[in-house]
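The structure appears below as structure tokens.
Each reported figure results from applying straightforward, stated rules to the coordinates on display, with no laboratory input. None of the values given here were measured: they were computed from a predicted structure. All Cβ positions, even for glycine, are placed from backbone atoms using ideal geometry, and neighbour counts span all protein chains on display.
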Amino acid sequence: MSVAGPLVLAGDVGGTKVNIALAGAGEAGAELVAESRYESADHDSLVSVVRTFLRAHESALGGRRVERACFGVAGPVVGDESILTNLPWSVDADALERDLGIRDILFLNDLEATAYGLTLLAGDRLATLHAGRPRGSTRAVIAAGTGLGAAILSEAEGLPRALPTEAGHVDFAPRDEEEDAFLAWLRARHGRVSVERVVSGPGLVAVYEFLRDSGRRDEPAWLAERLAATEDKGEVISAAALAGEVAICEEALARFVSAYGAASGNLALSCLSMGGLYVGGGIAPDILPALRDGRFRAAFLEKGRMREILADVPIRVILEPRAALLGAAQRALMARFFRTAE
């Protein structure tokens, strides 16, 4: 692997894990030179993780200093600070620069980092649900996992620029009488209902529980036992659905996929992402057969007079689990947009 110029530091900081990498500029963009994964619970701060990484990969640095770093973090970023949603760390760029001796540090929302990663994804790193007719540079990424995130990628001065959103927290919009009933059921639990109450790992479980508790579908005893024995109920539900084991799981996954498609269509309309809609996160690759069966795209297109416009939008699933890390590396190499630009 041959990279040019200085090395930069990139990170993907989540509630349970932190991925860190050294990267440089390759022929097609950022290339990772060294990378490691750390369990968040084993460290009390991001500084601790980075110092551990740099000690472990001192040989990769070859005596060079890291001048810039970019971290995608699972939480909103305001200015140069962020409080992670599912991790008791607060991160501040100025403090981190002082503690680590790195000149420039930038924090991005993790979906914003993933959006930068789109510039590096092709081939077997993507699965195409619909080839479409791409036009323009604007693309959008949506990702269901523990919650629901979204970001927009466009161009400025000939370079990619990502815009963060909190689109997962917009209101859930039911599309038929069944979803009206589901909304009422969710409102009784939570009060206001955001779209991530439905389109997320916990959302899939909520769809299942609604079908069960409302008497719409029966829960067999063997399935109740299987669900009681695991912390990841969503994985059990989706696996049973894909295997065709039981009707309640099949319907839960079908309704989840449809809601995911509808939310994706809303995002594509909101930013007119004629360059493509990309589905990221950990859930999508695991349920790829369900995303491919037509329900996702049918709901994506169900926007009345806007249907013909959305029909041209390419839809792709991100299969590369390091998309956010690659995106953070790509952003770190864009020196002109840092505070002390070269």
Inset, instruction - Return an integer: the convex hull volume of the alpha-carbon atoms of the range 167-318, in Å³ per residue. - result: 109
Legend entry - GluC sites (Glu not before Pro) within the range 146-207: DSSP coil, no more than 16 neighbouring Cβ in 10 Å: 157, 166
Legend entry - For the chain, share of DSSP beta bridges that run antiparallel, in % to the nearest 5: 65
Legend entry - Net dipole in debye of the range 167-318 [+1 Lys, Arg Cβ; -1 Asp, Glu Cβ; about Cα centre; nearest 20]: 480
Legend entry - For the chain, with +1 on Lys and Arg beta carbons and -1 on Asp and Glu, the positive-most of 270, 190, 32 along the dipole: 270
Inset, instruction - Rounded to whole Hz and in sequence order, give me ³J(HN,Hα) for the range 302-315 from the Karplus expression 6.51 cos²θ - 1.76 cosθ + 1.60, θ = phi - 60°, writing x for Gly and Pro. - result: 6, 10, x, 5, 8, 4, 5, 5, 5, 4, 8, 6, x, 10
Legend entry - Whole-angstrom gap from the range 173-229 to the range 1-59, using each part's C-alpha centre: 39
Legend entry - Candidates 160, 285, 174, ranked by Gaussian network fluctuation over the chain, Cα under 10 Å, top entry: 174
Legend entry - 5 angstrom amide H check on residue 274, placed H, neighbours 5+ away: 138
Legend entry - Top of 22, 301, 288 by mean-square fluctuation, Gaussian network on the chain, Cα under 10 Å: 288
Legend entry - Highest average packing first - 188-194, 129-135, 109-115, Cβ atoms within 10 Å: 109-115, 129-135, 188-194
Inset, instruction - Rounding to the nearest 20 debye, state how big the charge dipole of the chain is about its Cα centre with +1 on each Lys and Arg Cβ and -1 on each Asp and Glu Cβ. - result: 760
Legend entry - Charge dipole of the chain about the Cα centre (unit charges at C-beta), most positive-ward option of 146, 200, 259: 259
Inset, instruction - For every helix of n ≥ 4 consecutive DSSP H residues, a contribution of -39,500 (n - 2.57) applies; sum these over the chain, divide by its total residues, and give [θ] at 222 nm rounded to the nearest 500 deg cm²/dmol. - result: -11000 deg cm²/dmol
Legend entry - Mean separation of Cα contacts under 8 Å (6+ apart) over length of the chain, as relative contact order %: 23
